[in-house]
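One structure below.
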């Protein structure tokens, strides 16, 4: 993690974390590897940390507006999102969303956060809300042109006629927990862990509407029949109308496995697939934007 490439608040957190880890581990090389920085930087930050402690100032003050949640409270919320469902937290919804997370925080800590703050928290966890999909212009072909000019307008028209809601679904790997200090992982270099751990394949399955609201579910990857059907069930339970789901092309295999579920819920949802041309040839991911 190059501290010059991150904002000032996150940089100060990394420095404070370096001091705390040095107090616990007493091994500059291990701390440097976990944080993804140079050992000399760790030594300097540890010296600053001890100086602040000895002068009674505690850890260096983080710049910017203080968070309404403590570090431990943020870690608790992150652990809840990664390992529990909204129902486990006495919420009426089946899937997570920023509103559900906000309500969970209010119930647990009696703290009211804005949806923007909650969104920043989930983004820091790696739960990124994609915008409505667009094609990769560098690899557009006849399939892409047909989708943009004919297929998608037809789907939108059909959705309006049936009062259906269009949702784009996708899944991504979101985190890899550190085996020594799992609660610290959200603010350190998650790719630097030396040992594999049980959370190395945690993924998030999301549904985003054209207006960019998001519902999601976390699961242990890779994507397979069971999390896929569980997620679709959640969408159906929370929807009061027919759903038109637009999925990435690699979902065709898991959709075949879930054919019985899809056919028995044909009155509640319809599944469409993006053409392969919406992807770059190097498989670096979907091109999307406003």
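If neighbour count is taken as other Cβ atoms inside 10 Å, put 15, 211, 156, 151 in order from fewest to most. Don't jump to the answer; show the numbers that get you there.
Values: 15 22, 211 6, 156 14, 151 18.
So the residues, fewest neighbours to most, are 211, 156, 151, 15.
Would you list 163, 224 from fewest to most Cβ contacts within 10 Å? Walk me through the numbers before you get to the answer.
Numbers: 163 9, 224 14.
Neighbour counts put them in this order, fewest first: 163, 224.
Could you list 46, 226 so that the one with the fewest beta carbons within 10 Å of its beta carbon is first and the one with the most is last? Walk me through the numbers on the way to the answer.
Details: 46 20, 226 12.
By the 10 Å Cβ count, ascending, the order reads 226, 46.
None of the figures in this text is laboratory data; all of them are computed from the coordinates on show. Since this is a predicted model, take the numbers as computed values, not measurements. All Cβ positions, glycine included, derive from the backbone under ideal geometry; neighbour counts span all protein chains shown.
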